[in-house]
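Colleague: Quick one: this structure, given as C-alpha cells, is what I'll be asking you about.
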Amino acid sequence: MIEGQYNHKNVEDKIYKLWEESGFFDPDKLPNSKKRKPFTIIMPPTNANGNLHAGHALVMTIEDIMTRYKRMKGFKALWLPGLDHAGFETQVVYEKKLEKEGRSRFKMTKEELYKEIWDFTAENKTNIKNQVKKMGSSCDWSREKFTLDQDIVKIVYETFDQFKKDGLIYKGRRISNWCPKHQTSLSDLETKDEERIEKFYYLKYGPFTIATSRPETKFGDKYVVVHPDDKRYAEYKDGQKIQLEWINGPITATIIKDAKSIDLEFGTGAMTVTPWHDAVDFDLSQRRGIEQEQIIDLQGRLLPIAGEFAGMKILEARPKIIEKLQAKGLVVKIEENYKHVVKTCYKCNTLIEPQIMEQWFLKMEPLAKPAIKAIQTGKIKFIPEHYKKIALHWLNNILDWPLSRQIAWGIPIPGDENGDTFDTWFSSGQWPFATLMASHNKNDIKNFYPTDVMETGGDLIFFWVSRMIMFSLYRTGKIPFKNVYMHGLVLDAKGQKMSKSKGNVINPLDLIEKYGTDALRMNLVVGNTPGTSLPLDENKIKGYRNFANKIWNAGRFVLMNTDGVNLSKKPKLSKEDAKHLSELNKLISKITKQMDSYKFYLAGEEIYHYFWHVFCDKIIEEKKKDIMGENLAKKNSAKWLLLEIYATCMQLLHPFMPFITEEIWQELPIKKKNLLIVENWPK
C-alpha cells in the first residue's frame with residue numbers, strides 16, 4: 001500500500017539499486033533478449049574534468065527517455081555510457097587548479113603534468129558516474145568506456161595509420177591559430193569571433209597609405225600589395241622596387257599586384273604583407289614565394305626584429321610604436337572607434353596570434369564527400385531538419401584539419417618528435433564504432449552498429465557530429481547513426497546563458513536534492529523542442545514536484561478503493577466508463593506516435609495534462625459516487641476503470657518520471673508483473 005507523503009529521498013537511491021541488481025540495463029539480460037531487435041544510443045562522452053551541469057542533465061534525460069521507451073516497446077535497448085579525457089579542455093581546467101595552488105604547468109615536465117591530470121580525471125570519473133546515476137540513467141555500466149582506455153587508443157592509432165597509408169595525413173609548415181596563454185595551436189572550431197572596438201591606423205608606406213589595427217606586426221613588412229585593376233596604382237608595375245622610410249629606418253619594398261588577396265573596394269586598396277602572422281598573407285606568400293619572417297614569439301612578445309621594442313608584449317608596444325611613427329611623420333590619421341572582429345581562444349578569450357609552425361594535418365575533402373552523399377540521400381536524418389543544411393554547408397567548404405596539440409594531456413601522436421597530442425575530437429570522432437569494437441562482447445559491433453540515435457547539442461554539429469559521420473564511413477563503410485537529435489542550450493530562468501562569471505550556474509544535483517529527479521526531468525523535457533534553448537526555472541521544477549505528489553496521492557486513493565480488482569478480468573463497463581477507456585486508448589495511440597517521432601516535449605505534456613486534468617480532476621471525482629454507491633455493476637466498472645487508467649498512466653509516465661512510477665508499480669495489484677522498466681508499453 002502507498003502510504004504517507006511522497007519523499008523522493010527515500011525512493012530514488014533504492015529504486016536505482018533495484019534496477020542495477022535486475023541486470024536490465026544490459027540488453028543481453030532483458031527478457032526474451034534474443035527475440036528483440038536492437039536499439040542503440042552511444043552516450044556523448046562527458047568530460048571527466050568536473051561535475052555534471054544543466055546541459056548534461058538534459059542529455060541524460062532525453063537519452064534515458066528514448067532508451068526506456070524503446071526497452072518497453074520490446075527492443076534490445078543498449079545505451080552505452082562513456083567519459084572523455086577532453087584533451088585541451090581538461091588541461092585548461094587543471095591549469096586553473098594549479099594557478100589557485102600557486103603552481104604552473106610550465107615548471108613541470110610533461111610526464112609529471114600527465115600523471116597529475118590522470119589522477120584528477122580518475123577522481124572525477126567516479127564522481128560523474130554517481131551523478132549520471134542520480135539522473136536515473138538506465139545505461140549499461142558493464143560496457144562503459146573512456147577515451148583513454150587502451151583498447152580505444154589502439155583503435156584511434158589504427159585509424160591514424162590507415163589515414164597515413166591512404167595519403168590523407170601529412171605534416172607541414174602552415175599558419176596555425178596559436179593561443180599564447182595556453183601555448184598550443186587550435187583548430188578554427190576552437191576559436192571564437194569577438195567584436196572589438198579599437199583604433200585603426202592609417203600609415204604612410206612610401207607613396208602608399210596602408211591601414212591596420214596591428215602596427216606591431218609591421219616591422220618585417222617588405223611587400224605592398226595592390227589590385228591589378230586599381231587605377232589609383234596603374235603607374236606601378238608588379239615586382240617594382242621602391243625605397244621608403246619605415247619604423248626602424250629605410251627599407252626596400254617590392255610592389256605586388258594580386259587580385260586574389262586584396263579587396264579593390266576596401267580602405268585604401270593597398271596593404272603590406274605579414275605572412276607569419278596573417279592567414280591571407282601566408283596564402284599569398286605561398287603562391288608568390290614571398291619571404292616569411294616571424295615578428296612575435298609564442299609568448300606574444302616582439303622579437304629582435306622590432307629593435308628597441310624587442311621583448312615587449314604587443315599591447316604594451318602598440319602605442320609606443322605609433323608614437324615613433326608619428327615622430328617620423330608616417331601616421332596619416334587614426335580612426336578612434338574601429339569596429340572589427342578578432343579571433344580569440346574559446347576557453348580563455350586570449351587574442352589568437354597566428355604563427356607558422358609544423359603540424360600534423362588530415363585531408364578532409366576526401367572524407368567529406370561520402371558524408372555529404374549519406375546526408376543528401378537521407379541515410380542520416382537531422383532533428384530539427386535545418387541542421388542538415390548547416391552540416392552540408394560546412395562539409396562542402398571543409399578545410400584540412402590540424403590534428404596536433406602542444407599539450408601534455410591526451411593521446412600522443414605516434415612518431416611525433418615534439419610529443420604533441422591529438423586534438424581530442426580526433427578520438428571522440430571515432431566514438432560510435434570504437435566503443436562497440438572495443439566492447440567485451442565481440443559481437444556488439446555486429447549487433448548494435450550502426451546506432452539509432454546520436455543525441456547532442458546543436459553547437460557540436462561541426463566539432464563532433466560531422467566528424468563522426470566522416471570517420472565512421474571511412475573505417476566501417478557504414479553511417480554511425482540513423483538519426484541526429486539536436487538539443488539547445490539550457491539557460492537560466494531569465495533566458496541567459498549560464499556562466500560562472502555571471503553567477504547564474506544552476507547545479508542539477510542541488511535541484512534533485514530539493515525537488516527530486518523526476519521533477520527536474522519533466523521540467524527539462526516538457527515544452528523543450530529540439531534545437532531551441534530552454535530556460536531552467538526553479539518554480540516550474542517545484543510545479544512538477546507538486547505533480548509527483550499528485551501522482552502519489554492519486555495512487556493512494558485508487559489503491560484504497562480498488563481492493564480485490566483483477567485487471568486481467570475486465571467487467572462489463574458502464575457506457576460512461578467505456579467512453580473513458582476509449583479516450584485512454586486514443587491517448588496511448590497519440591503519445592506513441594509522438595514518442596516514435598521524437599516529440600518527447602509533446603508526449604510529456606500530453607500525459608501530464610491527461611493525468612492531472614482529466615484523470616484526477618474529472619474521472620476520479622466522477623467515479624467517487626459510483627464507488628460509494630449501491631449499484632454493484634457500476635461500482636465494479638468504476639473500480640476497474642480507475643485501476644486500469646492509473647496503471648496505464650504509470651507506464652506512459654515511466655520514461656519521463658522513472659523513480660516514482662517504478663516505486664508505485666511495485667504496489668499495484670497486478671499479477672505476473674515484472675519491474676516497470678521492462679513492462680510492455682501500453683497498446
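The values are calculated or read from the model by the stated rules, or taken from the named source; none is laboratory data. These numbers were taken from a predicted model, which means no experiment stands behind them. Every residue, glycine among them, receives a Cβ derived from its backbone with ideal geometry; neighbour counts consider all protein chains shown.
Colleague: Taking region 302-339, which residues are in contact with a helix residue (DSSP H, G or I) (Cβ under 7 Å, 6 or more places away or on another chain), closer than 11 Å to I247 by Cα and of a type in the set (G, A, S)?
Modeller: Answer for region 302-339, where residues must be in contact with a helix residue (DSSP H, G or I) (Cβ under 7 Å, 6 or more places away or on another chain), closer than 11 Å to I247 by Cα and of a type in the set (G, A, S): just A306.
Residues are listed down the side, and each one gets a yes or a no for (1) of a type in the set (D, E, K, R); (2) in contact with a helix residue (DSSP H, G or I) (Cβ under 9 Å, 6 or more places away or on another chain); (3) touching a residue at least 60 places away in the same chain (Cβ under 8 Å):
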| site | (1), (2), (3) |
| --- | --- |
| A578 | no, yes, no |
| L581 | no, yes, yes |
| K599 | yes, yes, no |
| F611 | no, yes, yes |
| V614 | no, yes, no |
| K624 | yes, yes, no |
| L632 | no, no, no |
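Colleague: Another question, if that's okay. Of R318, R405, which residue is buried (at least 18 other Cβ atoms within 10 Å of the Cβ), in contact (Cβ under 8 Å) with a residue 24 or more places away in the chain and not assigned by TED's automatic domain parsing to the domain that holds L113? Steps first, answer last, please.
Modeller: Values: R405 fails: not assigned by TED's automatic domain parsing to the domain that holds L113.
R318 is the lone residue from the list that is buried (at least 18 other Cβ atoms within 10 Å of the Cβ), in contact (Cβ under 8 Å) with a residue 24 or more places away in the chain and not assigned by TED's automatic domain parsing to the domain that holds L113.
Colleague: Can you tell me which of (1) among the small types (G, A, S); (2) surrounded by fewer than 18 Cβ atoms within 10 Å (Cβ to Cβ); (3) in the same structural domain as W425 (by TED's automatic domain parsing) is the one G495 doesn't meet?
Modeller: (3)
Colleague: Looking for whichever is in a helix (DSSP H, G or I), out of contact with any Gly (no Cβ under 8 Å at 6 or more places or on another chain) and among the small types (G, A, S) here; the options are G555, G527, G503, G564. Which one fits? Break it down into steps so the answer makes sense when it comes.
Modeller: Working: G527 fails: in a helix (DSSP H, G or I); G503 fails: in a helix (DSSP H, G or I); G564 fails: in a helix (DSSP H, G or I).
Just a single option satisfies the conditions, and that option is G555.
Colleague: Name, by its number, the condition in (1) in a helix (DSSP H, G or I); (2) more than 30 Å from P535 (Cβ to Cβ) that does not hold for G74.
Modeller: (1)
Colleague: Considering every residue within region 588-610, establish whether at least one is farther than 25 Å from T529 by Cα, in a loop (DSSP other than H, G, I, E, B) and not small (G, A, S). I'd like the intermediate steps shown before the answer.
Modeller: Let us first name the residues in region 588-610 that are farther than 25 Å from T529 by Cα, namely none.
For region 588-610, residues farther than 25 Å from T529 by Cα, in a loop (DSSP other than H, G, I, E, B) and not small (G, A, S): absent.
Colleague: Among D151, D193, which is part of a helix (DSSP H, G or I), surrounded by fewer than 17 Cβ atoms within 10 Å (Cβ to Cβ) and touching a strand residue (DSSP E or B) at 6+ places or on another chain (Cβ under 9 Å)? Reasoning before the result, please.
Modeller: Working: D193 fails: part of a helix (DSSP H, G or I).
Among D151, D193, only D151 is part of a helix (DSSP H, G or I), surrounded by fewer than 17 Cβ atoms within 10 Å (Cβ to Cβ) and touching a strand residue (DSSP E or B) at 6+ places or on another chain (Cβ under 9 Å).
Colleague: Could you tell me whether region 96-114 includes any residue that is part of a helix (DSSP H, G or I), buried (at least 22 other Cβ atoms within 10 Å of the Cβ) and at pLDDT 95 or above? Steps first, please.
Modeller: So in region 96-114, the residues part of a helix (DSSP H, G or I) come out as 96-100, 105-107, 110-114.
Still in the list and also buried (at least 22 other Cβ atoms within 10 Å of the Cβ): none.
No, region 96-114 contains no residue that is part of a helix (DSSP H, G or I), buried (at least 22 other Cβ atoms within 10 Å of the Cβ) and at pLDDT 95 or above.
Colleague: Another question, then. Condition first: free of Cβ contacts under 8 Å to residues at least 24 places away in the same chain and over 30 Å from D64 (Cα atoms). Can you find one or more residues in region 636-659 that meet it? It would help to see each step written out before you state the result.
Modeller: Let us first name the residues in region 636-659 that are free of Cβ contacts under 8 Å to residues at least 24 places away in the same chain, namely none.
Scanning region 636-659, I find no residue that is free of Cβ contacts under 8 Å to residues at least 24 places away in the same chain and over 30 Å from D64 (Cα atoms), so the answer is no.
Colleague: Sticking with this structure for a sec: Tally up the residues in region 651-683 that are over 17 Å from S138 (Cα atoms) and within 32 Å of the chain's Cα centre (by Cα), please.
Modeller: Of the residues in region 651-683, 0 are over 17 Å from S138 (Cα atoms) and within 32 Å of the chain's Cα centre (by Cα).
Colleague: Report yes if G82 is under 30 Å from F547 (Cα atoms), under 26 Å from the mean Cα position of the chain (by Cα), of a type outside the set (F, W, Y) and surrounded by fewer than 23 Cβ atoms within 10 Å (Cβ to Cβ), otherwise no.
Modeller: Numbers: under 30 Å from F547 (Cα atoms): no; under 26 Å from the mean Cα position of the chain (by Cα): yes; of a type outside the set (F, W, Y): yes; surrounded by fewer than 23 Cβ atoms within 10 Å (Cβ to Cβ): yes.
So G82 does not fit the description; no.
Colleague: Oh, and also: For region 562-584, which positions are surrounded by fewer than 17 Cβ atoms within 10 Å (Cβ to Cβ) and more than 22 Å from K672 (Cβ to Cβ)?
Modeller: K572, K575, E576, A578, K579, S582, E583
Colleague: Mind counting the residues in region 84-105 that are without any contact (Cβ under 8 Å) to a residue 12 or more places away in the chain and either touching a helix residue (DSSP H, G or I) at 6+ places or on another chain (Cβ under 8 Å) or basic (K, R) (or both)? Can you show your working first?
Modeller: Keep residues of region 84-105 that are without any contact (Cβ under 8 Å) to a residue 12 or more places away in the chain, which gives 96, 98-104.
So of that shortlist, the ones also either touching a helix residue (DSSP H, G or I) at 6+ places or on another chain (Cβ under 8 Å) or basic (K, R) (or both) come out as 96, 98, 100, 103-104.
Residues that pass the stated criteria total 5.
Colleague: Check D28, D13, D64 and return the single one that is out of contact with any helix residue (DSSP H, G or I) (no Cβ under 7 Å at 6 or more places or on another chain), part of a helix (DSSP H, G or I) and within 21 Å of I445 (Cα to Cα). Don't jump to the end; show me each part of the working.
Modeller: On the way: D13 fails: within 21 Å of I445 (Cα to Cα); D64 fails: within 21 Å of I445 (Cα to Cα).
Exactly one residue qualifies, and that residue is D28.
Colleague: Which of the residues belonging to region 381-423 are within 20 Å of P480 (Cα to Cα) and among the aromatic types (F, W, Y)?
Modeller: Selection gives F382, Y387, W394.
Colleague: When the residues of region 352-382 are narrowed to those that are touching a Leu at 6+ places or on another chain (Cβ under 7 Å), of a type outside the set (F, W, Y) and assigned to a strand (DSSP E or B), which ends up nearest to H277 (Cα to Cα)?
Modeller: My answer is Q355.
Colleague: If a residue counts only when it is farther than 25 Å from F75 by Cα and charged (D, E, K, R), which helices (runs of 4 or more DSSP H) contained entirely in region 415-478 have at least 1 such residues?
Modeller: Details: elements: 424-428, 431-437, 444-447, 466-476.
Correct list: 466-476.
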